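Remarks on the structure that follows.
The values are calculated or read from the model by the stated rules, or taken from the named source; none is laboratory data. Just so it is clear, the model here is predicted, and its values are computed rather than measured. Here the Cβ positions follow ideal geometry from the backbone for every residue, glycine too, while neighbour counts run over all protein chains shown. Please note that ligands, DNA and RNA were not included when accessible areas were found on the heavy atoms of the full protein model with its side chains. Shrake-Rupley method; radii C 1.70, N 1.55, O 1.52, S 1.80 Å.
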Amino acid sequence: GENVEQHPSTLSVQEGDSAVIKCTYSDSASNYFPWYKQELGKGPQLIIDIRSNVGEKKDQRIAVTLNKTAKHFSLHITETQPEDSAVYFCAASMETGNQFYFGTGTSLTVIP
Amino acid sequence: ETGVTQTPRHLVMGMTNKKSLKCEQHLGHNAMYWYKQSAKKPLELMFVYSLEERVENNSVPSRFSPECPNSSHLFLHLHTLQPEDSALYLCASSQDYSGWDEQFFGPGTRLTVL
């Protein structure tokens, strides 16, 4: 089955700096890559996603890039704010079936 | 609020107890999921129901028993658990059982097995 690896496991940045989280996947059939944010005491919530026919997608301060050849995708957060502090999970799935394969998570701390 | 609620939020139980976790979604979705979340591990999919029928059962021990009485409710019945079953149990729902549908998660039940 699919194997998703995520790095780093923890990340601390100063407020206003950028943060980058990277994931790799193993199954070339995966074609949907969502990113979820989990705040303390809450369940994960989708923040951005990308499909395999797109190389990059941006939503305000958040962007995701996908390199299908290398089988890796990344989350970029610019101008970080304290409220960005949370655990971020990447995932991979295929259109047929809905099993999301999640990474192990990145705990992001934005230092004011 | 994501439209998915879970009760109780915290549960402490002994190894011989029987308890149930409840999940309710108010989104009109057709698919519901149970996940186990342990520290430093990926979210582990346990069960999937689509249109009230179980479609995935990922080698979960029989001490976990799911029930989906209707498309809005999902239960996880627990009995004779082990300490290693202590974790956060998350419920999620999606519009359909499709690889591209966003999953909406509840806040989870923090389970501690003594």
Nearest-5 percent of antiparallel DSSP beta bridges in chain B?
90 percent
Could you run the numbers on buried accessible area between A and B, total for both chains, 1.4 angstrom probe, in Å² to the nearest 100?
1900 Å²
Per-residue mean of C-beta atoms belonging to partner chains within 10 Å, peptide A:42-54
3
Cysteines without a disulfide-compatible partner in chain B, using Cβ under 4.7 Å as the rule?
B:68
Heavy atoms of residue A:94 accessible to a 1.4 Å probe, total area in Å² rounded to 10
50 Å²
For residue A:73, what is the net charge nearby, where nearby means another residue's Cβ is under 12 Å from its Cβ and Lys, Arg count +1, Asp, Glu -1?
+2
If one computes the Cα centroid of the stretch B:40-114 and of the stretch A:63-84, what distance in Å separates the two points?
28 Å
Could you compute how much accessible surface residue B:10 exposes when probed at 1.4 Å, giving the result in Å² to the nearest 10?
140 Å²
For the protein assembly as shown, the percent of all C-alpha pairs falling in each 10 Å bin, from 0 up to the bin holding the max distance, is 8, 33, 35, 19, 5, 0
Using a 1.4 Å probe on the protein heavy atoms only, what accessible surface does residue B:63 show? Give it in Å² to the nearest 10.
50 Å²
May I ask you to give the solvent-accessible area per residue for the protein assembly as shown, in square angstrom, as obtained with a 1.4 angstrom probe?
47 Å²
Starting at 0 and stepping by 10 Å, how many percent of the alpha carbon pairs of chain A end up in each bin?
15, 49, 29, 6, 0
Based on the alpha-carbon set only, what is the convex hull volume of the stretch B:21-81 divided per residue, in Å³?
94 Å³
Accessible-area order (highest first, 1.4 angstrom probe) of the listed residues A:12, B:65
A:12, B:65
What relative contact order, as a whole-number percentage, does chain A give when Cα pairs under 8 Å and 6 or more residues apart are counted?
37 percent
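So in the stretch A:1-110, what percent of DSSP beta bridges are antiparallel if you round to the nearest 5?
90 percent
Rounded to a whole number, what is D in µm²/s for chain B from Stokes-Einstein with the Kirkwood radius over alpha-carbon pairs (37 °C, 0.692 mPa s)?
The diffusion coefficient I find is 234 µm²/s.
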Cross-link pairs beyond the 23 Å C-alpha cut-off, checked among A:42/A:71; A:68/B:41; A:42/B:41:
A:42/A:71; A:68/B:41
